[in-house]
Amino acid sequence: MKKFVDESWLVLAMGVVFAALLAATHTGLNDRIKANEVEALNQAIEEVVPGVETKEQIEIEETGAGDETAVYKCLDADGNLVGWAVQAAGPGFIDKITLVAGLSREGDRLTGIKPIKHTETPGLGNKIDVKDELNFYPLQYAGRSTAAPFELFKERVRDAKDTNRIEAITGATYSSQYVMEIVNDVITRIRPQLAEHR
Amino acid sequence: MADEDNGSNLQQFKEGVLSNNPVLVQLLGMCPTLAVTNSVENALVMGAAATFVVVMSNLITSALRNLIKPHVRILIFTLTIATFVTIADLTLKAFMYKVSLQLGAFIPLIIVNCMIICRAEVVAIKNGVGRSLADAFGIGIGFTLALLILGVVREWLGSGTITFPFADPISVMPAAFTANGHNWIIMILPPGAFLTLGVVVGISNQIRARREKGGAA
Amino acid sequence: MSFGGLIAIFLGVALVNNLVFQGFLGICPFLGVSRKVDMAFGMGCAVTFVITVSGVVTWLIVHAVLTPIGGAIGHTEALYFLKYVAFIMVIASMVQLVEMYLRKFFPGLYTAFGVFLPLITTNCAILGTCLYIDMKPETQHLLNAAVYAFGGGIGFLVAITIMAGIREHIRFSDVPKCLQGAGITLLVAAILALAFTGFTGIGK
């Protein structure tokens with residue numbers, strides 16, 4: 001017993017000290033980390049729903065596979081409805097993709113999408129996120145009708161505003177597909193439930 | 001490698017950066033070198049995080065070196081490294097959220113970066129704090145330097161930009177390069193990573209061989 | 001989960017998202033132990049075993065220990081910051097167990113491996129796989145996680161054995177001096193990575 005204590009007291013002592021250190025760091029930084037996530041969400045909502053000043057979260061009945069779905073009613077400074085923002089998540093190429101989709105007041109058009117959390121391949125899959133105007137992928141969703149689910153194409157269909165054709169990112173077909181599936185889930189499952197909350 | 005009795009701390013530091021560079025000479029820490037050098041920003045942040053961990057690890061190992069029993073030393077090294085990597089990860093998530101998402105699982109993978117545990121085993125357990133810190137900083141900066149070289153090449157040719165931390169991407173190629181995908185995407189993909197590292201290692205070997213020949217002659 | 005789904009997970013990580021050629025994991029042993037086919041194959045098997053067991057055990061630690069305890073104190077994710085420390089401790093213990101087992105029952109193999117056996121602990125493929133199992137939505141069931149871990153190991157085995165086969169042949173080629181060893185291995189790996197890109201699309 002003495003030998004055991006002799007050999008390992010340092011390990012146990014360090015274990016305790018380090019665990020305390022980690023707990024302290026975690027407690028100290030956790031609020032900030034959560035705030036980062038909230039800020040990313042708010043920034044995304046502002047980008048996809050023009051004119052929004054405040055938002056109210058509403059409850060919807062059916063949550064699907066990604067229980068991170070959150071639906072927000074977007075109001076302007078006078079409290080009028082300007083649009084809807086839906087935070088939705090789904091599987092991605094590497095890990096989960098979380099995005100915010102903006103819908104028009106009537107719910108009949110998308111006002112835009114913005115991925116807020118993803119770990120897609122840098123340089124390729126991460127073009128689902130707009131960093132500059134060279135990245136067309138998320139921009140092509142703006143203004144599209146929500147009448148029918150989207151389909152992925154490899155040809156240049158990004159400007160075909162009246163169709164349900166989405167152009168994939170070259171070399172990132174999977175990431176493009178996964179994002180599109182999340183958007184399709186939003187327009188087929190969430191959109192019909194918005195009417196009752198208007 | 002300078003042996004522990006002669007050679008100064010400065011020499012230990014310089015060795016870590018150049019003649020004993022962890023990536024190009026010792027061929028350690030290859031995984032992050034290939035994975036996060038797709039942009040300069042990722043390369044620099046990873047380099048900084050790894051430097052932080054190796055410095056703290058060497059510091060603690062060296063300070064406690066007379067108390068660490070041989071049988072449990074690997075366990076202690078691992079515990080220390082895992083703790084500081086977790087701290088680095090939390091700090092990154094708090095202060096550089098976007099970059100932390102880009103680096104993904106590679107920050108926790110610093111734990112198994114062979115170069116860090118190697119420094120603890122070879123230098124920190126036998127030397128005083130001063131020498132161990134010099135070594136840690138040298139290795140950390142050497143690692144960052146190697147990552148930076150790869151990051152610059154891969155991002156330049158692969159995306160046509162250079163991105164520094166906290167800043168927006170700077171376009172360094174004419175617009176025609178990135179329009180319509182004429183940029184060399186392969187540089188960002190795995191084959192390009194292997195290719196760039198292979199070429200850089202080859203060039204660095206050539207430089208070292210020339211230098212040795214020059215020195216011996 | 002359906003059998004087809006499990007096959008998809010297995011092929012997905014063994015071929016399409018091969019740990020070495022797409023995920024950049026396990027590069028150090030991939031470069032270091034790929035000189036001869038028999039050593040490479042042996043290393044691949046050892047790694048597959050450690051990955052599978054570690055993947056399952058770390059899954060259990062997250063789902064059966066950290067999450068319930070967190071739930072009990074009110075915040076499920078409270079203890080997640082201990083994950084990395086817990087994972088690496090598990091992996092280090094598994095490798096220690098493998099070492100003791102080999103030393104007792106297969107001493108020849110044990111001596112052949114030499115220093116590479118404890119180095120399996122620092123194989124980022126193992127920790128990386130455990131982390132990915134924890135992150136990915138499709139491995140939230142134990143069986144899926146086990147299949148994923150096993151597939152990852154097999155993918156590593158395939159990668160390292162192919163590389164060893166090629167390197168045995170390269171010994172007779174005229175490689176420029178500055179590229180000998182790691183240089184040429186990396187360049188060959190580049191071509192292999194390109195070849196493995198051809199697997200994308202399987203699994204859909």
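The values are calculated or read from the model by the stated rules, or taken from the named source; none is laboratory data. Values in this document were obtained by computation on a predicted structure and should not be read as measured data. Ideal geometry is used to build each Cβ from the backbone, glycine not excepted, and the neighbour counts take in all protein chains shown.
A compact table of results
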{"read-out": "Tabulated pairs, the range A:51-62, first over 15 Å from A:D76 (Cα atoms), second basic (K, R) and at pLDDT 70 or above, C-beta under 6 angstrom, 6+ apart or interchain", "value": "A:I58/A:K73"}
{"read-out": "Odd one out for A:K34 among (1) surrounded by 13 or more Cβ atoms within 10 Å (Cβ to Cβ); (2) at pLDDT 80 or above", "value": "(1)"}
{"read-out": "Some residue of the range B:154-173 being at pLDDT 85 or above and within 14 Å of chain C (Cβ to nearest Cβ)", "value": "yes"}
{"read-out": "Hits in the range C:7-36 (condition: in a loop (DSSP other than H, G, I, E, B) and crowded, with 20+ Cβ neighbours inside 10 Å)", "value": "C:N17, C:N18, C:L19, C:V20, C:F21, C:Q22, C:G23, C:F24, C:L25, C:G26, C:V33, C:S34"}
{"read-out": "Qualifying residue in the range C:103-110 (condition: within 24 Å of B:I107 (Cα to Cα), part of a helix (DSSP H, G or I) and more than 13 Å from the chain's Cα centre (by Cα))", "value": "no"}
{"read-out": "So B:T51, is it modelled with pLDDT of 90 or more, within 26 Å of B:K126 (Cα to Cα) and at the interface with chain A (Cβ under 8 Å from one of its Cβ atoms)", "value": "no"}
{"read-out": "Check on B:L189, modelled with pLDDT of 85 or more and not polar (S, T, N, Q)", "value": "no"}
{"read-out": "Some residue of the range B:10-19 being closer than 28 Å to C:V90 by Cβ, of a type outside the set (K, R) and crowded, with 21+ Cβ neighbours inside 10 Å", "value": "no"}
{"read-out": "Filter result (within 16 Å of A:Q140 (Cα to Cα) and under 15 Å from the mean Cα position of the chain (by Cα)) within the range A:88-109", "value": "A:L99, A:V100, A:A101, A:G102, A:L103"}
{"read-out": "Answer residue from the range B:55-79, given it is within 14 Å of chain C (Cβ to nearest Cβ) and touching a residue at least 40 places away in the same chain (Cβ under 8 Å) and is nearest to B:A136 (Cα to Cα) among those", "value": "B:S57"}
{"read-out": "The range B:111-129, subset of a type in the set (V, I, T) and touching a Phe, Trp or Tyr at 6+ places or on another chain (Cβ under 9 Å), residue farthest from the other protein chains (Cβ to nearest Cβ)", "value": "B:I125"}
{"read-out": "Hits in the range C:114-135 (condition: over 27 Å from C:V147 (Cβ atoms) and touching a helix residue (DSSP H, G or I) at 6+ places or on another chain (Cβ under 8 Å))", "value": "C:P118"}
{"read-out": "Any chance B:I149 is more than 14 Å from chain A (Cβ to nearest Cβ) and closer than 29 Å to C:A92 by Cβ", "value": "no"}
{"read-out": "B:M46 among the aliphatic types (A, V, I, L, M) and within 13 Å of chain C (Cβ to nearest Cβ)", "value": "yes"}
{"read-out": "Residues of the range C:135-182 that turn out to be assigned to a helix (DSSP H, G or I), without any contact (Cβ under 8 Å) to a residue 12 or more places away in the chain and within 14 Å of chain B (Cβ to nearest Cβ), as a count", "value": "4"}
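Matching residues to (1) out of contact with any Pro (no Cβ under 7 Å at 6 or more places or on another chain); (2) within 14 Å of chain C (Cβ to nearest Cβ); (3) under 30 Å from A:E7 (Cβ atoms); (4) not in a helix (DSSP H, G or I):
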residue	(1), (2), (3), (4)
B:Q11	yes, no, no, no
B:L24	yes, yes, no, yes
B:T37	yes, yes, no, yes
B:E41	no, no, no, no
